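Okay, structure first, notes after.
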Amino acid sequence: FYLEHFEQQVIAHGGQVHWADTPQTARDCILQICQGAHAKRVTKGKSMISEEIDLNSALEKAGLEVVETDLGEYIIQLAKEPPSHIIAPAVHKTREQVAELFHTHHQQYGLTQRLSQIPELVNEARQVLREKFLTADVGITGANLLIAETGSTVIVTNEGNGDLTNTLPRIHIVVASIEKVVPTLEDATTILRLLARSATGQE
């Protein structure tokens with residue numbers, strides 16, 4: 001019932017719901033949406049399911065530029081590695097390794113200075129990603145919750161990348177599993193109170 005109601009609400013607000021029972025079906029569906037929009041650049045954020053279905057490589061094989069916008073995910077994308085942790089995907093990287101990655105990959109943007117301090121590295125990543133946010137054709141995010149009552153999707157993030165990824169591009173794709181559906185906004189607030197506690201121990 002709640003899945004059907006969620007779909008009805010999404011459609012009522014101008015969106016579409018696609019059901020995928022395999023990783024291949026999900027990849028094909030997302031690629032079709034991107035190709036239908038004549039997309040060239042895709043920004044992504046907060047989507048572990050897209051890692052599980054190997055979405056990035058499928059989109060890149062089709063000729064799209066895919067940019068991870070979560071700082072940790074961006075770092076490991078440059079390193080061509082999978083996430084090492086669900087919350088801190090680049091926790092295994094040292095500051096020196098990140099500095100070397102940025103020095104290697106950011107020279108194409110005219111950023112040639114070797115950096116060593118964390119604030120400098122963060123600012124350089126922000127500078128590179130800002131242009132990607134502003135020029136993306138499609139944004140892809142995950143969802144912490146899908147609310148049947150309203151057809152809303154919810155993501156919780158401590159960076160602004162989730163907001164920029166789901167609002168700036170003309171098309172937003174949410175990749176989420178059905179257990180994320182909750183009946184009402186009130187139910188969502190209950191789960192949100194548990195989310196940070198169970199993820200990072202924060203209130």
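The values are calculated or read from the model by the stated rules, or taken from the named source; none is laboratory data. Everything numeric in this text was worked out from a predicted model, so none of it was measured. With ideal geometry, Cβ positions are generated from the backbone for all residues, glycine too; neighbour counts draw on all protein chains shown. These accessible areas exclude ligands, DNA and RNA; they are computed on the full protein's heavy atoms, side chains included. Shrake-Rupley method; radii C 1.70, N 1.55, O 1.52, S 1.80 Å.
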**Q.** Normalised contact order of the chain, rounded percent, pairs of Cα under 8 Å and 6 or more residues apart
**A.** 26
(Q) Which of the three applies to the range 78-135, rounded, prolate or oblate, going by the alpha-carbon gyration tensor with a ≥ b ≥ c and a/c under 1.5 meaning rounded? (A) oblate
Q: Based on the mean of other Cβ atoms within 10 Å per residue, sort peptides 69-79, 19-29 so the most packed one is first.
A: 69-79, 19-29
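Work out the length of the dipole vector of the chain about its Cα centre, built from +1 on the beta-carbon of each Lys and Arg and -1 on the beta-carbon of each Asp and Glu, and round it to the nearest 20 debye.
Numbers: 17 positive and 26 negative charges, 107 e Å.
With Lys and Arg at +1 and Asp and Glu at -1, about 520 debye.
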(Q) What does the extension gain come out to for ALA12 and LEU192, with contour length at 0.36 nm per residue minus their alpha carbon separation? (A) 62.3 nm
Q: For the chain, with all protein chains present and a 1.4 Å probe, just round the carbon and sulfur fraction of the accessible area to a whole percent.
A: 53
Q) Among rounded, prolate and oblate, which fits the range 62-109 when a ≥ b ≥ c are the square roots of the eigenvalues of its C-alpha gyration tensor, a/c under 1.5 means rounded, and a/b larger than b/c means prolate? A) oblate
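Classify the range 117-203: rounded, prolate or oblate, from the alpha-carbon gyration tensor (a ≥ b ≥ c, eigenvalue square roots; a/c under 1.5 rounded; otherwise prolate if a/b is larger than b/c)? Can you show the working numbers first?
On the way: a/c = 3.28, a/b = 1.43, b/c = 2.29.
Taking the square roots of the gyration eigenvalues as a ≥ b ≥ c, the range 117-203 is oblate.
Which value at 222 nm does the chain reach when only helices count, each DSSP H run of 4 or more adding -39,500 (n - 2.57), with the total divided by all residues and rounded to the nearest 500 deg cm²/dmol?
-14500 deg cm²/dmol
In the range 95-203, what percentage of the DSSP-assigned beta bridges are antiparallel, given to the nearest 5?
Details: 3 of 9 bridges.
Antiparallel: roughly 35 percent of the beta bridges in the range 95-203.
So how do 195-201, 33-39, 4-10, 45-51 stack up, highest first, on mean other-Cβ count within 10 Å? Don't skip to the end; give the middle numbers.
Numbers: 195-201: 10.9, 33-39: 14.9, 4-10: 17.0, 45-51: 21.6.
Packing proxy ranking, top to bottom: 45-51, 4-10, 33-39, 195-201.
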Q) What residue among SER116, THR167, ALA88 has its Cα farthest toward the positive end of the dipole of the range 81-203, where the charges are +1 on Lys, Arg and -1 on Asp, Glu, each on the Cβ? A) SER116
**Q.** Assigned charges on the beta-carbon of Lys, Arg, Asp, Glu; the range 160-201 dipole about Cα centre (debye)
**A.** 100
Q: Using only alpha carbon pairs under 8 Å that are at least six residues apart, calculate the relative contact order of the range 23-124 and give it in whole percent.
A: 18
Q.
Place a point 7 Å from the Cα of THR94 along the Cα-to-Cβ direction; which residues of the range 100-131 have their backbone N under 20 Å from it?
A. 100-105, 114-122
Q) What residues qualify as long-range amide H neighbours of LEU145, i.e. H under 5 Å apart, gap of 5 or more or another chain, H built at 1.01 Å from N? A) VAL154
**Q.** the range 129-203, relative contact order in percent, only Cα pairs under 8 angstrom and at least six apart counted
**A.** 35
